[in-house]
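Step one of this worksheet: look at the structure below.
Laboratory data are not the source of any read-out in this text; all were calculated from the coordinates shown. Only a predicted model underlies this, so the values are computations on that prediction, with no experimental measurement involved. Counting neighbours? That spans all protein chains shown, and the Cβs are built from the backbone with ideal geometry, glycine included.
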Amino acid sequence: MTALSYFYILSATLFILGLKGLSSPRWARKGMFLAEIGMLLAVVGTLFHHQIVNYKWIAARLATGSVIGGAIGFWVPMTAVPQRTALSHSLGALAATLIGIAEYVREGLALGNQRVKMAALALEVMIGGLTFTGSLMAAGKLQGILPGAPITYKFQNTINIGLFTSMLGLLVYMIFVPWAAPMFFILVALALLFGFLLVIPIGAADMPVVISLLNSYAGLADASMGFVLMNKIQIITGSLDGTSGFLLSLLMCRAMNRSAGNVLFGAFGKIEPEAAGPAAEAKGTVRSIVPEEMAVLLETAQSVIIVPGYGMAVAHAQHG
């Protein structure tokens, strides 16, 4: 085994242990630290790749990325972490898309005999493209740059389904006719458009769930890129990212009393048909409380736990 293999094995192990640690509040910080060390080892290990002939550009980009990342981590407040996360997803997805385009141009006609690689490459640019624009929209809505209210239009679902079907058709076509370059770039363009249309009907209060889902999409794009570049650590980390992000989306939907179908098909921001009728009336006993009573309770309380919930997101409490 080469030094690169040892680095990747250790890195993958730390990623798995880090993800396990994040499942418990007690071990969350240690889990994050293990994942950070795993990422560092993955980057350092890649420097031992036998195909690297010049380290100048790599060193320059590492320095640039470290400075920008450190500045963002230092200056971005905690209340802006969701939109910063969405922006990070968009940049990762953009990188996957650009690498996919570069690999397609570099390989050229050689992809005619590599259908599996062509399938992974087409999937990479498709998922990467829609994740890029979708994450940018999510970040814009959370930051207040774009309207937070859902934006709907006539035949919205029909158009989205048509775009998705067209992308799948182009993906299959590219597998069998990989030299059709115009179709490849049409696939990229449709993916970018689809990501935009997928997020605009979603309200800003529901955006954390969408960000988690886009995170899983970014993981799938990363895993596909791993198959294209034959990079084992990318396949492992992309798979971990994709599955954990998807499961987190489902858990968040359950906690917010939302259906997973609404997340997957971009139907947030609208009242579900079954919840729109009289059957959706609230049940239970409403306990009213006056400010004076609340003041007495808080004055005599030894400890107070404030649990942020969906209502705080709707009220834009982070901007208060």
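Brief remarks on what is shown
- Label-point separation in nm, Glu107 to Tyr153, each point 7 Å along Cα→Cβ: 3.4 nm
- Lys pairs under 29 Å by Cα in the chain, provided they are eight or more residues apart or on distinct chains: 9
- Radius 12 Å from Cβ of Thr97, net charge of other residues (Lys, Arg +1; Asp, Glu -1): -3
- Computed FRET value (nearest 0.05) for Ala301 with Trp75, which takes r as the C-beta separation and R₀ as 45 Å: 0.80
- Computed over the chain: relative contact order in percent, which uses C-alpha pairs under 8 Å that are six or more apart: 17 percent
- Looking at the chain, the pairs of alpha carbons with a distance over 32 Å make up 38% of the total.
- Of the chymotrypsin sites (Phe, Trp or Tyr not before Pro) found in the stretch 155-208, the ones in coil according to DSSP and having at most 16 other Cβ atoms within 10 Å of their Cβ are Phe155, Trp179.
- Inter-site label distance for Lys232 and Leu193 at 7 Å from Cα along Cβ, in nm: 4.2 nm
- Shown in residue order for the stretch 15-20 are the 3J(HN,Hα) couplings computed by the Karplus curve 6.51 cos²θ - 1.76 cosθ + 1.60 at θ = phi - 60°: 4, 5, 5, x, 5, 5 Hz (x for Gly and Pro).
- Relative to the longest principal axis of the Cα atoms of the chain, the long axis of helix 181-199 makes an angle of roughly 10 degrees.
- Theoretical gain in end-to-end length, His50 to Arg115 [0.36 nm per residue, Cα-Cα removed]: 20.8 nm
- When you filter the trypsin sites (Lys or Arg not before Pro) in the stretch 93-191 for DSSP loop state and at most 13 other Cβ atoms inside 10 Å of their Cβ, you are left with Lys154.
- Listed values for the stretch 238-254 are Karplus-derived 3J(HN,Hα) couplings in whole Hz (6.51 cos²θ - 1.76 cosθ + 1.60, θ = phi - 60°), namely x, 5, 4, 5, x, 5, 5, x, 5, 5, 4, 4, 5, 5, 5, 4, 5, and x replaces Gly and Pro.
- Cut-off under 5 Å, modelled amide H: who pairs with Leu146 long-range: Lys141
- Summing +1 for each Lys or Arg and -1 for each Asp or Glu among the other residues whose beta-carbon sits under 12 angstrom from that of Leu220 gives -3.
- Note that the stretch 205-219 has calculated 3J(HN,Hα) couplings of 5, 8, 5, x, 5, 5, 4, 4, 5, 5, 4, 5, 4, 4, x Hz, one per residue in order, obtained from phi through the Karplus relation 6.51 cos²θ - 1.76 cosθ + 1.60 (θ = phi - 60°); glycine and proline are x.
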